[in-house]
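What follows is a short report on a single structure.
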Amino acid sequence: MTVTIVGAQLGDEGKGGIVDVFGESADVVARYQGGDNAGHTVVHGGETYKLSLVPSGAVRGKIGVLGNGCVVNPHTLFEELDGLHEQGLDPDVRVAERAHVIMPYHRILDNLEEDVRSDDDLKVGTTGRGIGPTYEDKVGRRGVRIGDLLDPAVLRDRLEYVIPQKRALIEDVYGIDLASVDLEFDGFSAEDALDVDAVYDRYVEYGERLRDEDMTVVAGEFLTSRIDDGEQVMLEGAQGTLLDIDHGNFPYVTSSNPTAGYAATGSGLGVTTIGDGEVVGVVKGYLSRVGTGPMPTELGPSDGGHGVDAGDEAAATGDDPSAEDLASYIREEGGEYGTVTGRPRRVGWLDLPMVRHAARASGFTGFAVNHVDVLAGLDEVKVGESYDLDGETIETIPSTTERWAQCEPNFQTFDGWPEVDWAAVAEEGYEALPENARTYLEYVAEEVDTDLYAVGLGPERDHTVVLDHPFE
Ligand code: GDP
Ligand code: IMO
Ligand code: MG
């Protein structure tokens, strides 16, 4: 069977930790979308593993697959694999031949286009990893796929077609002189990133390494044969529902579909296989966001976060001193700084209209609530239950970002719970949680109308209380 793990909010909900907890029973862990914009953390045995591309199951020695729906930067992949070897792991990672490759010009374009957009206040606050430009080339039918790296003649043809177009886009449309662009990524200057020979030479080498290490697969065939053999497959979503290109708050989104429907398309498993399995949403007990876009329950600015510069700490705390203190408290307690970029994350209260939207969009069969320990010690904990919009009360999010930014949250307030020995609570089980924390969790489960499968009480693997195991 399959278990699909999906972020229910704006990314960084603790998906890596939940994949690690439930992944015990999996044979294979596959990613189906996104690339090294993800930053998934697994903490076990005093060691912290930060994974951008390698599926989190690697920490437990599971086979990892980067599905056809992913965009793969080979430089990051090999660097990450080397780093994990240094941490004592020996990851077995396969990459879909149909996955698209992030090329150095994609990273240059991602960063230049953010600058262009910021002139019109449209900056997304991307991770700068080239994600959007790579998916654009996939849909525009001018991308390079992993399989193309294995055939140098095809790779050269693709590069000779696409690189002059990218150069013209930068020079003639954006009017930027490449020689003056002071960016360097993965050892490529801007000039080299737009040079066919320089890119070709390096990417042929990546292709050779992929072949030598027998890393490429036809993901759908590989995964389906595992399922046919009775193995368990976990699908690890990256980002979150509100960052989904279709179901998120466009245009402040990533360029892929983290929602569960894409677990089929992006892995090559059939929709019936995914649908026969479980879909587990991951919720952080509050809210964090690294990029631009509205956030009605944000502790801070009154403009709904619309147009707020990504990662601007002042913006995330606004000018209300009590909100500022609360946001800083939660940010420090929760370590709310981007795993990929180190940017301080914006912080807000849990937003139920958002989670209801996520539960419906992916069809959650269960969900996990993380970071319950981070909220400990507060006098009261709030939850955004519904929104007021144009004199009406609504329970889910409007379809446009502009309307969403106008939503005023209605809060439920809960008595806080004390800081306790979370490791001991996790060992004892759900009933050992402080009563007020259970009241809050049961309210959330009822409002989202989904079964609570796990509660996160700390970053460590054994700081998670499991109520129901999706593989069992
Ligand atoms: P992901 O992108 O969804 O995998 O999440 P990240 O790894 O980017 O961010 C989650 C952060 O919170 C990481 O540092 C985790 O180790 C940590 N974390 C996960 N679950 C919990 C939890 O229940 N409590 C606390 N305190 N930290 C957690
Ligand atoms: P994980 O998997 C949080 C955000 C960026 C930006 C927007 C688009 O760790 O939860 P992109 O580089 O994808 O084009 O950026 O999406 N973003 C994330 N935010 N967690 C992530 O991944 C994210 N991946 C992208 O900050 O707002
Ligand atoms: Mg993350």
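The values are calculated or read from the model by the stated rules, or taken from the named source; none is laboratory data. For clarity, every value in this text was computed on a predicted model and none was experimentally measured. Quick reminder, even Gly has a Cβ in these numbers, built from the backbone with ideal geometry, and neighbours come from all protein chains shown. With ligands, DNA and RNA removed, areas are computed over all heavy atoms of the protein, side chains included. Shrake-Rupley method; radii C 1.70, N 1.55, O 1.52, S 1.80 Å.
Descriptive notes on the structure:
- Residue, farthest from ligand 1 (Cβ to nearest atom), within region 240-276, restricted to residues that are farther than 19 Å from Gly16 by Cβ and hydrophobic (A, V, I, L, M, F, W, C): Val271
- Filter result (of a type in the set (Gly, Ala, Ser) and near ligand 1 (Cβ under 10 Å from one of its atoms)) within region 17-33: Gly17
- Residue satisfying condition, being open to solvent by 30 Å² or more (accessible area, probe 1.4 Å) and within 14 Å of ligand 2 (Cβ to nearest atom), within set Arg94, Arg117, Arg31: Arg117
- Taken over region 2-17, the residue count meeting the criterion of being over 16 Å from Val65 (Cα atoms) and either open to solvent by 10 Å² or more (accessible area, probe 1.4 Å) or within 12 Å of ligand 3 (Cβ to nearest atom) (or both) is 9.
- In the condition set (1) surrounded by fewer than 24 Cβ atoms within 10 Å (Cβ to Cβ); (2) touching a residue at least 60 places away in the same chain (Cβ under 8 Å), Gly61 is compliant with all but (2).
- For region 196-245, the set of residues classified as within 30 Å of Ala168 (Cβ to Cβ) and either open to solvent by 60 Å² or more (accessible area, probe 1.4 Å) or modelled with pLDDT under 95 (or both) consists of Asp197, Asp201, Glu205, listed by residue number.
- Residue pairs meeting the criteria (Cβ under 8 Å; at least 6 apart or on separate chains; first at positive phi, in region 423-437; second crowded, with 16+ Cβ neighbours inside 10 Å): Gly429/Val465
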